[in-house]
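The values are calculated or read from the model by the stated rules, or taken from the named source; none is laboratory data. Fair warning: this is a prediction, and the values are worked out from it, not measured in the lab. Note: ideal-geometry Cβ built from the backbone for every residue, glycine included; neighbour counts use all protein chains shown. Heads up: the accessible areas ignore ligands, DNA and RNA and are worked out on the full protein's heavy atoms, side chains in. Shrake-Rupley method; radii C 1.70, N 1.55, O 1.52, S 1.80 Å.
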Amino acid sequence: MSLVLKRFASSSQTQPDKKAQAAQLAVQSLKDFGSLLSPSSDDATQPIDTRPIYENPQSFPNLSLLHQGQVVTELQSKYDKNWNKLSKQDKLLGYFISYGDWGVREKFSNWNNPSSPPLDLPFHVPSQLKSLSPKGTDVIMPLEPVKLSETPVRIDQFDYKKMDPASKVCIYLIVFIAMVAIYRDKNIGEDGKPVEVKIEDQYEVARQNEIQEKQREVEEQERKQRESRKWYYLWLK
């Protein structure tokens, strides 16, 4: 009966309540995951007061990964509801997280300048209109292809020569192992291969020998029976 009541109560919850519970579970999951990775005190894994982040969105990049997830989850729960109820702080924080100069967009210094186009896209501000009265026969030309790796603001992100030391060690180790394997195959060959150790079961060997011995005895008996038959056996048969 209690299970039925619990199911009925869970089915009667409204959609916002379910989203709020999902957000709380997500924050708790991030907290538990952060506690496994962080050897520091419990303060680093405890939820923070997010009001200062809403008041100053540019302080968001200074947060730890765990607390950034807390802020994003809380903000996403607000965006999942009625957008007309979003405050100006909610909108500014969401805009900064999406388009602000942090993370991979650290060099996008013009993120808050509405008169400046994105630094990695071929946009022109203000846009140049070809015609004020477009027709169905007008030809629409595609935009110029853009290679993000060649835009000045993203050159450093696509510079694969600047790898972290751990990645370099892994790559050098893989190359070294591959060279050793090629050298062994070319110069050592089959003579240098490791000796294969075969483990034999003495009981199984004895059993197989016994089976073979019985087969030989049966064959020998059949052979003697065939030789003991006289020529008139065939005639009588």
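Below are the figures for this structure:
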item: Failed criterion for Ile182 (all others in (1) part of a helix (DSSP H, G or I); (2) β-branched (Val, Ile, Thr); (3) open to solvent by less than 70 Å² (accessible area, probe 1.4 Å) hold); result: (3)
item: Residue list for segment 74-85, restricted to those being free of Cβ contacts under 8 Å to residues at least 40 places away in the same chain and surrounded by fewer than 16 Cβ atoms within 10 Å (Cβ to Cβ); result: Tyr79, Asn82, Trp83, Asn84, Lys85
item: Hits in segment 129-164 - residues which are assigned to a helix (DSSP H, G or I) and either open to solvent by less than 100 Å² (accessible area, probe 1.4 Å) or hydrophobic (A, V, I, L, M, F, W, C) (or both); result: Leu148, Ser149, Val153, Arg154, Asp156, Gln157, Phe158
item: Per-region count, segment 47-73, residues open to solvent by less than 60 Å² (accessible area, probe 1.4 Å) and not in a helix (DSSP H, G or I); result: 4
item: Members of segment 87-128 that are hydrophobic (A, V, I, L, M, F, W, C), without any contact (Cβ under 8 Å) to a residue 24 or more places away in the chain and surrounded by 16 or more Cβ atoms within 10 Å (Cβ to Cβ); result: Trp111
item: Test result for Ser87, modelled with pLDDT under 65 and either of a type outside the set (Asp, Glu) or out of contact with any Ser or Thr (no Cβ under 7 Å at 6 or more places or on another chain) (or both); result: no
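Quick grid of which residues meet (1) at pLDDT below 90; (2) farther than 30 Å from Lys161 by Cα:
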site: Ala181; (1), (2): yes, no
site: Pro194; (1), (2): yes, yes
site: Ile199; (1), (2): yes, yes
site: Glu210; (1), (2): no, yes
site: Lys214; (1), (2): no, yes
site: Gln221; (1), (2): yes, yes
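This table checks each residue for (1) more than 23 Å from Val153 (Cβ to Cβ); (2) modelled with pLDDT under 90.
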{"site": "Ser35", "(1), (2)": "yes, yes"}
{"site": "Glu55", "(1), (2)": "yes, no"}
{"site": "Val71", "(1), (2)": "yes, no"}
{"site": "Arg105", "(1), (2)": "no, yes"}
